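Peer 1: Quick one: the structure is below, and I'll ask about it shortly.
What follows is calculated from the coordinates using simple rules that are stated; it is not laboratory data. Bear in mind the structure is a predicted one, so any value in this text is a computation, not a measurement. Here Cβ is always computed from backbone atoms with ideal geometry, including for glycine, and neighbour counts include all displayed protein chains.
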Amino acid sequence: MFIVMRLISALVNPIDDCDEVYNFYEPLHKLMYGNGFQTWEYSPLFALRSYAYIILHWLPISLIPSSCKLIAFYTLRICLAIICSTCEAFFFRAIDKQLNSSIARNYALLSIFNVALFRSSSAFINNSFSMYTVLFAYTCWFSNALSLSVFFIAFGSLFGWIYVAALGIPIAVDICFRRQRYMDFIKWSIISGLILLIPLCLIDSYYYGKLIITPLNHIRYNLFSKHGPTLYGTEPWIYYIINGLLNFNIIYPLAIIGIILTPLIDLVFDRRYIQTGKVAIPYTMIVSSIVIWMSLLWMQPHKEDRFVFPIYPLIILSASISIDQTENLIPRLVRLIKMRRNSVLFVRRLFLYSIIIFHGLISISRAFAIFDGYSAPIRLLTHSNTTEIFEKSFDKHLNICIGKDWYRFPSHFVLPEKSQLLFLRSAFKGQLPKAYSSLKNATRLTDKHFNDENKEEIDRYANLNQCDYIIDHDSENPSEIQPNYSQQSQIITSIKMILPSKRSIFRSFYVPFFSVRSNRYTMLHLL
């Protein structure tokens, strides 16, 4: 079931974050097919992003020609879905081995339909990659393959997201203090670092044209620059609570309860070391990674949903532990209220399956809401590209323009061959990406029209008369700089799209009939 749900995600899940497009799909498109957008983070002036990470994803689709770009796009997503489901399957087996079969069962039943994993499993973004490596690292830790657990934490940190090293702290504490193997830990860390850092530096230095260690640049900008990521928005402390309830619904408070209960479980109830003949990893040590990670995220004013990706499986594991311990308490509670013994099994099953069914239904409702409201851009261009709506010509490049919907663009992979995206001016006054140079050494060129302060760069914009097609939605409040282009252009095809509005339960979760009546929709056009 893991692989079935992840493959469905690869085929229908919309792209949630424009970072996924401009920082990952676009550089990959440049390396494969010669054109794409470059963000300031890929400028040699700053070099915050790693081309080595892009190369990893180039390999499985490297032989797909430009005439089949859409196939390459979905092939990559399918590969990511398969990798994620493989990680989850191994993690499930490791939970069964290290914890118990009941917790493993709970984890499987919760994770299969969980909307957070559904969204993150097929995303081409470093946060999802870090989630895969954390799954492998904790699988190896639970299976006593300690050297590999250190390697996968290093892999996720260096190639994915450097801060994932924090999720290796419980593993390091376990190896160095509980097992007293600190020399082994130092040796494994050095070997893993060299194995990964050497190719990382070689690949990035080749593409940037100078010696580069991208993880260090990333740390320097995010932690030590004057402005850092706060330029891209800040959120209140309650953000991750709302986010957790949307992604995990009923099991989010259960996960918190699981974190609180684990010290008591370790001290009073845990008898795994008696049953197996060896000392098991304490529950507290396992779930402490959630506390460490969320503490780091809450300290940062800039908050994003994708920052939680690496611990999504661990949140479900904590909830599974909480459910397991509650199940174990049910027989004692039944005796207190003097119910018959044959009622115990019924109450336990009712408790478990009520949570599983409720969580599954709410997660499916959330997934449908996301698809219904936010899949219009990728559906519009996929449909247009596969039904020959674009007037393709072998001797002409198509200019496809976008204005106020620039952050909805799903990448050049879903545009026809020999086409490019151009930006029209809009009310957005931040820094847009810039098309890579067509020169062979494009990744090495130092362009002064990049800045790390999110200041607008005027050279990004095209004139309307350069456009063959326009992607635009009908706004309720058009203006001179952000007109509704459908009033002055021919509509080729359109797809319904949700409009931003006040928070509503029917906008967050799809409920037949009620969501359609409650939400406000517009049309996204290809003009």
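Peer 1: If one takes the longest principal axis of the Cα atoms in the chain, at what angle in degrees, from 0 to 90 and to the nearest 10, does the Cα axis of helix 342-374 lie?
Peer 2: Between the helix axis and the principal axis of the chain, the angle is about 10 degrees.
Peer 1: When the Kirkwood hydrodynamic radius is evaluated over all pairs of different C-alpha atoms of the range 374-526, what value in angstrom, to one decimal, is obtained? Working shown, then result.
Peer 2: On the way: mean 1/r = 0.0575 Å⁻¹.
For the range 374-526, inverting the mean 1/r across all distinct Cα pairs yields 17.4 Å.
Peer 1: So, one more: Run through the DSSP bridge list for the chain and note the antiparallel percent, rounded to the nearest 5.
Peer 2: Working: 11 of 20 bridges.
Beta bridges within the chain, antiparallel portion: roughly 55 percent.
Peer 1: In the chain, with Lys and Arg counted as +1 and Asp and Glu as -1 at Cβ, which of these residues, Ser50, Pro282, Ser438, has the Cα nearest the positive end of the dipole, that is, farthest along it?
Peer 2: Result: Pro282.
Peer 1: Here's a follow-up. For the range 96-171, what does the equivalent ellipsoid look like in terms of its semi-axes, each the square root of 5 times an eigenvalue of the Cα gyration tensor, given largest first in whole Å? Each step should come with its number before you reach the end.
Peer 2: On the way: eigenvalues 89, 71, 12 Å².
Each semi-axis is √(5λ); the values are 21, 19, 8 Å.
Peer 1: Taking amide hydrogens as modeled 1.01 Å from N in the peptide plane, which residues meet the under 5 Å criterion relative to Asp472, leaving out close sequence neighbours?
Peer 2: His525, Leu527
Peer 1: Moving to a separate point now. Taking every DSSP beta bridge with both residues inside the range 374-526, roughly what % is antiparallel (nearest 5)? Mind dumping the intermediate values first?
Peer 2: Working: 9 of 18 bridges.
Roughly 50 percent of the DSSP beta bridges within the range 374-526 come out antiparallel.
Peer 1: Something else: What FRET efficiency, computed as 1/(1 + (r/R0)^6) with R0 = 22 Å and r the Cβ-Cβ distance, is obtained for Glu456 and Ser225, rounded to the nearest 0.05?
Peer 2: Details: r = 19 Å, r/R0 = 0.88.
Once rounded, the FRET efficiency stands at 0.70.
Peer 1: Which value, to two decimals, describes the C-alpha radius of gyration of the range 231-338 once divided by 2.2 N^0.38 Å?
Peer 2: Values: Rg = 16.7 Å, N = 108, 2.2 N^0.38 = 13.0 Å.
Cα Rg divided by the expected 2.2 N^0.38 Å: 1.28.
Peer 1: Could you pull out which residues in the range 507-524 have an amide N less than 20 Å from a spot 7 Å beyond the Cα of Ile250, following the Cα-Cβ vector?
Peer 2: Under 20 Å, as judged by backbone N against the label point of Ile250, lie 508-512 of the range 507-524.
Peer 1: If you don't mind, another one. In the chain, with Lys and Arg counted as +1 and Asp and Glu as -1 at Cβ, which of these residues, Pro229, Ala376, Val12, has the Cα nearest the positive end of the dipole, that is, farthest along it?
Peer 2: Most positive-ward Cα: Val12.
Peer 1: Could you give me the ³J(HN,Hα) list for the range 483-499, computed from phi with Karplus coefficients 6.51, -1.76, 1.60 and θ = phi - 60°, whole Hz, x at Gly and Pro?
Peer 2: Per-residue couplings from phi come out as x, 8, 5, 5, 7, 10, 9, 7, 7, 8, 7, 9, 9, 5, 9, 6, 9 Hz.
Peer 1: To check my understanding: the extent here is largest minus smallest coordinate of the Cα atoms along each principal axis. What are those three numbers for the chain, in Å, largest first?
Peer 2: 79, 58, 43 Å, listed from the longest principal axis down.
Peer 1: Which Cys residues of the chain have no other Cys Cβ less than 4.7 Å away and so no disulfide-compatible partner by this rule?
Peer 2: Cys18, Cys68, Cys79, Cys84, Cys87, Cys140, Cys176, Cys201
Peer 1: Same structure again: Ignoring everything except DSSP H segments at least 4 long, calculate the 222 nm mean residue ellipticity for the chain; use -39,500 (n - 2.57) per segment, divide by total residues, nearest 500. Present the calculation step by step, with values, prior to reporting the outcome.
Peer 2: Values: 20 runs with 270 residues, N = 527.
The helix contribution divided over the chain gives -16500 deg cm²/dmol.
Peer 1: How large are Rg and Dmax for the range 4-83 when calculated on the C-alpha trace, in angstrom?
Peer 2: Just the Cα atoms of the range 4-83 yield Rg and Dmax of 13.1, 43 Å.
Peer 1: Enumerate the calculated ³J(HN,Hα) couplings along the range 442-455 in order (Karplus 6.51 cos²θ - 1.76 cosθ + 1.60, θ = phi - 60°), each rounded to whole Hz, writing x wherever the residue is Gly or Pro.
Peer 2: 4, 6, 9, 6, 9, 9, 6, 8, 10, 9, 9, 10, 6, 8
Peer 1: For the Cα atoms of the chain, what angle does the longest principal axis make with the long axis of helix 239-248, in degrees from 0 to 90, nearest 10?
Peer 2: For helix 239-248, the angle is close to 70 degrees.
Peer 1: Then there's this: Which of the peptides 313-321, 103-111, 475-483, 194-202 is most tightly packed, and how do the rest follow, judged by the mean count of other Cβ atoms within 10 Å per residue? Write down the numbers at each step before the final one.
Peer 2: On the way: 313-321: 27.3, 103-111: 22.8, 475-483: 11.9, 194-202: 14.9.
Peptide ranking by packing, descending: 313-321, 103-111, 194-202, 475-483.
Peer 1: When you count, for each residue, the other Cβ atoms within 10 Å and take the mean per peptide, how do 208-214, 26-32 rank with the highest first?
Peer 2: Details: 208-214: 17.3, 26-32: 23.0.
Per-residue Cβ counts within 10 Å, averaged per peptide and sorted highest first, yield 26-32, 208-214.
Peer 1: Moving to a separate point now. What's the long-distance tail for the range 388-457, i.e. % of Cα pairs beyond 18 Å? Please list the in-between numbers first.
Peer 2: Numbers: 1246 of 2415 pairs.
Of all Cα-Cα distances in the range 388-457, 52 percent exceed 18 Å.
Peer 1: Which of the aspartates and glutamates could be linked to Lys210 by a straight reach, that is with a Cα gap under 14 Å, when you skip same-chain ones fewer than 8 residues away?
Peer 2: none
Peer 1: When the dipole is taken about the Cα centre of the chain, and only Lys, Arg (+1) and Asp, Glu (-1) are charged at their Cβ, what size is it in debye, to the nearest 20?
Peer 2: Numbers: 49 positive and 35 negative charges, 365 e Å.
With only Lys, Arg, Asp and Glu charged at Cβ, the dipole is about 1760 debye.
Peer 1: Given points 7 Å out from each Cα along the Cα-Cβ axis, report the Phe371 to Trp298 separation in nanometres with one decimal.
Peer 2: Here the modelled spin labels are 3.5 nm apart.
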